[in-house]
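Participant: Got a structure for you, written out below as structure tokens; questions coming shortly.
Coordinate-derived values only; no laboratory data. If you're wondering where the values come from, they're calculated on a predicted model, not measured in any experiment. Counting neighbours? That spans all protein chains shown, and the Cβs are built from the backbone with ideal geometry, glycine included.
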Amino acid sequence: MYRCLYVQLIFLFYQIIAVEIQDKFSFFEHDLIILGLIELILNAVSLHQIKKNSKLTLRNYFLREFGTERSEQFLTAVRNFVQSCAAYSIICYLLQVKDR
């Protein structure tokens with residue numbers, strides 16, 4: 001019940017943010033099935049995996065994967081990461097989502 005409400009609220013926040021801020025924040029848009037399952041995003045690497053497997057900092061991982069700090073690919077990756085984290089941080093704060 002609450003999961004469905006959270007997904008609906010997140011979608012509502014997405015619509016508000018998309019109109020008001022216009023591409024300053026990023027969300028992944030996925031069709032969600034609310035069954036208590038987590039949808040997998042193919043070829044995604046978690047921060048935990050990066051730190052555990054590569055033994056690199058996030059910055060050094062981005063440098064290795066996306067080139068020099070001034071390359072377009074690196075700057076785009078950093079911008080996408082920051083905007084995505086910012087959007088979800090705001091939504092989680094507003095909804096008071098906590099780790100279990």
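Participant: Would you mind computing, in nm to one decimal, how far apart the modelled labels at Lys55 and Glu69 are, each placed 7 Å from Cα along Cα→Cβ?
Facilitator: For Lys55 paired with Glu69, the spin-label model returns 2.4 nm.
Participant: Right, another one. Counting other beta carbons within 10 Å of each Cβ, put Tyr6, Tyr61 in order, fewest first. If you can, show how the numbers build up before the last one.
Facilitator: Details: Tyr6 15, Tyr61 19.
The fewest-first ordering by Cβ neighbours comes to Tyr6, Tyr61.
Participant: With a sphere of radius 10 Å drawn around the Cβ of Tyr61, what net charge do the other residues whose Cβ falls strictly inside it have (Lys, Arg +1; Asp, Glu -1)? Spell out each step's value before the answer.
Facilitator: Numbers: positive: Lys51, Lys55, Arg59, Arg64; negative: Glu65.
Neighbourhood net charge equals +3.
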